[in-house]
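Everything below concerns the one structure shown next.
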Amino acid sequence: MTLQASYEKIKATIAAAAAKGRRNPANVTLVAVTKNASPEQIKHLVEMGHLDLAESRVQQLQQRAAQLDEWLSRQQNRAGNKLPPPGYQTEGGVRWHMIGHLQRNKVKPVIPIVRMIHSVDSLRLAEEIQDEAERKPASAPRQRPMQVMLEVNVAGESTKFGVAVGAALHLAEQMDTMDDVHVVGLMAMAPHTENPEDARPVFVRLRELFEEIKFRKIGGDRFVHLSMGMSNDYAIAVEEGATMVRIGTALFGPG
Ligand SMILES: *Cc1c(COP(=O)(O)O)cnc(C)c1O
């Protein structure tokens with residue numbers, strides 16, 4: 001299947017799942033996970049008008065973001081160019097998301113590149129983001145306050161990152177006191193299983209936790225996102241309330 005065909009198929013699946021869950025598909029953002037994509041595929045996707053891109057590792061994020069940005073800069077002055085403008089924080093430009101485990105000593109290079117970090121799972125990491133986001137003078141334009149999501153290890157898997165369900169509310173509350181960190185939602189990964197239906201209880205649990213945090217007014221009006229669902233299970237995640245699905249393989253192939 002061509003990239004365009006995969007893209008359209010995923011969009012159609014999201015629309016159908018949203019309808020099934022009585023939701024507006026406009027409230028679901030497809031975040032394209034580029035970790036196994038070729039540079040050509042990434043460019044092609046951006047040519048198709050797609051702006052939300054994600055990486056799970058810092059080094060790859062830096063490389064891919066820089067490569068794409070250089071290309072966008074080169075295209076900028078070409079006649080008839082309809083591509084988004086270069087620059088990581090430019091209005092109308094591509095939006096990079098950090099979705100993988102982030103070590104505190106890697107926060108610094110990530111902050112100027114991304115618009116959102118989905119994978120915050122400790123107070124110390126949030127504090128590091130706060131320190132880096134407010135650093136002056138800003139050596140590079142940055143999203144400030146930085147939008148972050150709290151990663152929750154819903155299934156309690158020892159191999160996965162994320163805060164325990166029972167600790168999430170308190171951590172969200174603590175993060176909510178930070179001026180330059182805006183908690184905008186929750187993120188989770190379901191265990192990989194043969195049957196995507198097995199993921200449903202994980203998504204339901206994350207949504208319940210989301211509603212509990214929202215009920216306590218933590219994060220205020222900004223607390224709106226549920227980042228859940230990957231290639232295997234995104235349709236179920238959308239039925240259960242996902243506002244962002246993170247899709248790699250179904251879009252780009254196994255790499
Ligand atoms: C790789 C990755 C994805 C995408 O996984 P696919 O199964 O390829 O769609 C989503 N979220 C995170 C955190 C990832 O690391």
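Only the coordinates and a few stated rules stand behind these numbers; no lab work does. Remember, it's a predicted structure, so these values are computed and weren't measured experimentally. Note that each Cβ is placed from the backbone with ideal geometry, even for glycine, and that neighbours are counted across all protein chains shown.
Of everything in the range 107-136, what is closer than 13 Å to residue 97 by Cα and among the small types (Gly, Ala, Ser)? Give them in sequence order.
119
Kindly state which helices (runs of 4 or more DSSP H) lie completely within the range 1-93 and contain at least 2 residues that are touching a residue at least 60 places away in the same chain (Cβ under 8 Å) and polar (S, T, N, Q).
Working: elements: 3-20, 39-47, 58-75.
Per the criteria, 3-20.
Right, residue 184: more than 14 Å from residue 153 (Cβ to Cβ), away from the ligand (no atom under 14 Å from the Cβ) and touching a residue at least 60 places away in the same chain (Cβ under 8 Å) or not?
yes
Out of the residues in the range 79-134 that are within 16 Å of the ligand (Cβ to nearest atom) and among the small types (Gly, Ala, Ser), which is surrounded by the fewest Cβ atoms within 10 Å (Cβ to Cβ)?
Checking each candidate, the answer is 100.
Which numbered condition in (1) surrounded by fewer than 22 Cβ atoms within 10 Å (Cβ to Cβ); (2) closer than 15 Å to residue 117 by Cβ is the only one that residue 183 fails?
(1) is the only condition that residue 183 fails.
Taking the condition of being more than 13 Å from the ligand (Cβ to nearest atom) and surrounded by 17 or more Cβ atoms within 10 Å (Cβ to Cβ), how many residues in the range 22-40 meet it?
Narrowing the range 22-40 to residues more than 13 Å from the ligand (Cβ to nearest atom): 22-29, 38-40.
Those left that are additionally surrounded by 17 or more Cβ atoms within 10 Å (Cβ to Cβ): 23, 28-29.
Number of matching residues: 3.
For residues that are within 12 Å of the ligand (Cβ to nearest atom) and not hydrophobic (A, V, I, L, M, F, W, C), scanning just the range 41-68, find the one that is surrounded by the most Cβ atoms within 10 Å (Cβ to Cβ).
Step by step, filter the range 41-68, then rank; the result is 55.
Would you be able to say whether some residue in the range 223-233 is of a type in the set (S, T, N, Q) and under 15 Å from residue 250 (Cα atoms)?
The first filter runs over the range 223-233 and keeps only residues of a type in the set (S, T, N, Q), leaving 227, 231-232.
Subset that is under 15 Å from residue 250 (Cα atoms): 231-232.
Scanning the range 223-233, I find at least one residue that is of a type in the set (S, T, N, Q) and under 15 Å from residue 250 (Cα atoms), so the answer is yes.
Could you tell me which of the residues 141, 201, 196 is surrounded by fewer than 20 Cβ atoms within 10 Å (Cβ to Cβ), within 14 Å of the ligand (Cβ to nearest atom) and either more than 17 Å from the chain's Cα centre (by Cα) or over 21 Å from residue 117 (Cα atoms) (or both)?
Values: 141 fails: within 14 Å of the ligand (Cβ to nearest atom); 201 fails: within 14 Å of the ligand (Cβ to nearest atom).
Only one candidate passes the filter, namely 196.
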